[in-house]
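Novice: Below: one structure in structure tokens.
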Amino acid sequence: MLPIFYQRTAFSENGSLELDEDTSRHMIQVLRMQPGDRVILTNGLGARAEVVLEKADKKHCRAGVLTVEEVSRRRPHLDMAVCFTRNAGRNEWLLEKITEMGVRGIIPVVAARTERERMRYDRWNNILAAAMIQSQQFYLPELYEALSLPQLLDKFDDTDQKLIAHCMDEPERLPVARALQAGLDTILLIGPEGDFTPGEAALCAGRGYRSISLGTTRLRTETAAMAGCAYFNLVNHEHL
């Protein structure tokens with residue numbers, strides 16, 4: 001299989017393009033590529049371009065575009081709304097892994113007990129791009145600006161299936177395996193380390209969110225997000 005690289009540009013069949021410095025350096029210094037070698041490029045918007053290296057330079061390679069095709073986006077899709085923590089490393093691990101698992105969108109949520117409000121969008125988008133390429137996907141997840149809980153509820157009000165994971169007895173929680181329905185576009189809301197407040201859980205329930213449990217143990221934020229993605233992919237295996 002040809003290696004895949006991320007290139008923020010539009011592709012034109014039979015055209016030519018200059019590759020960015022990071023991509024060029026990786027091709028030449030790491031992969032030892034030479035003129036005539038072929039790779040796949042994607043812009044993260046579904047384009048898959050097969051190109052041939054015309055000029056090998058560690059700062060600015062040039063490639064000729066052989067073919068361009070549009071890759072269909074998988075359905076149903078999952079948007080993950082997460083209250084991030086203060087731990088940068090754990091947040092970045094979360095972003096990497098849920099991207100590998102195919103989420104469509106990632107929404108930082110500011111709830112009453114959210115520990116972290118400062119978002120490192122440039123670095124985070126780089127992590128998403130690297131995870132997209134590693135997992136051989138052609139769509140970069142959309143990383144939203146941070147939203148308050150009411151803003152989130154308004155923005156995603158029309159989503160087919162709305163789920164919230166929390167650790168409280170009320171509203172009553174269903175095991176995720178029973179609550180999650182296959183074939184529906186879904187948003188999953190993961191709370192902060194201290195959980196949502198009872199008022200926040202009630203607010204979500206009033207807006208059509210079903211409360212779910214992700215198991216019998218208390219999970220960290222990033223573990224809960226991973227478990228939610230895994231259950232979604234398992235239930236929708238025949239649809240994806």
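Each reported figure results from applying straightforward, stated rules to the coordinates on display, with no laboratory input. Treat the numbers as computed from the prediction; the structure is a model and nothing was measured. For neighbour counting, all protein chains shown are included, and Cβ atoms are generated from backbone atoms with ideal geometry for every residue, glycine included.
Novice: Could you work out how far apart the two model spin labels at residue 154 and residue 130 are, taking each label as a point 7 Å from the Cα in the direction of the beta carbon, and quote it in nm?
Specialist: Result: 3.6 nm between the two label points.
Novice: Calculated from DSSP H runs of 4 or more alone, at -39500 (n - 2.57) each and per residue, what is the 222 nm mean residue ellipticity of the chain, nearest 500?
Specialist: The helix contribution divided over the chain gives -8000 deg cm²/dmol.
Novice: Using a simple charge model, +1 on the beta-carbon of Lys and Arg, -1 on the beta-carbon of Asp and Glu, nothing else, what dipole does region 78-235 show about its Cα centre, in debye to the nearest 20?
Specialist: Magnitude of the dipole: close to 340 debye.
Novice: Full extension from residue 16 to residue 167: what is 0.36 nm times the residue separation minus their Cα-Cα distance, to one decimal in nm?
Specialist: Contour length minus Cα-Cα distance gives 49.0 nm.
Novice: How high is the relative contact order of region 50-130, given as a whole-number percent (alpha carbon pairs under 8 Å, six or more residues apart)? The partial results should precede the final answer.
Specialist: Details: 78 pairs, mean separation 21.8, N = 81.
Relative contact order, region 50-130: 27 percent.
Novice: Just the number, please: percent antiparallel of the DSSP beta bridges in the chain, rounded to the nearest 5.
Specialist: Working: 16 of 42 bridges.
Of those bridges, close to 40 percent are antiparallel.
Novice: A further question on this structure: Go through (i) 17.1, 49; (ii) 22.0, 67; (iii) 20.2, 63 and flag the label whose value is the computed Rg and Dmax of the Cα atoms in Å for this structure.
Specialist: Checked against the structure: label (iii).
Novice: Would you tally the net charge around residue 98, using a Cβ to Cβ cut-off of less than 13 Å, leaving residue 98 out, and scoring K and R as +1, D and E as -1?
Specialist: In short, -3.
Novice: Sticking with this one: With +1 on each Lys and Arg Cβ and -1 on each Asp and Glu Cβ, how big is the dipole of region 6-110 about its Cα centre, in debye rounded to the nearest 20? Before the final figure, lay out the partial values.
Specialist: Details: 16 positive and 15 negative charges, 67 e Å.
About 320 debye.
Novice: May I ask you to compute the full-extension gain from residue 48 to residue 1, defined as 0.36 nm times their residue separation minus their alpha-carbon distance, rounded to one decimal in nm?
Specialist: That pair, residue 48 and residue 1, stretches by 15.6 nm at full extension.
Novice: Translational diffusion coefficient of region 1-116 at 10 °C, 1.306 mPa s, Stokes-Einstein with Kirkwood Rh over Cα pairs, in µm²/s as a whole number. Working shown, then result.
Specialist: On the way: Rh = 16.4 Å.
This corresponds to a translational diffusion coefficient of 97 µm²/s.
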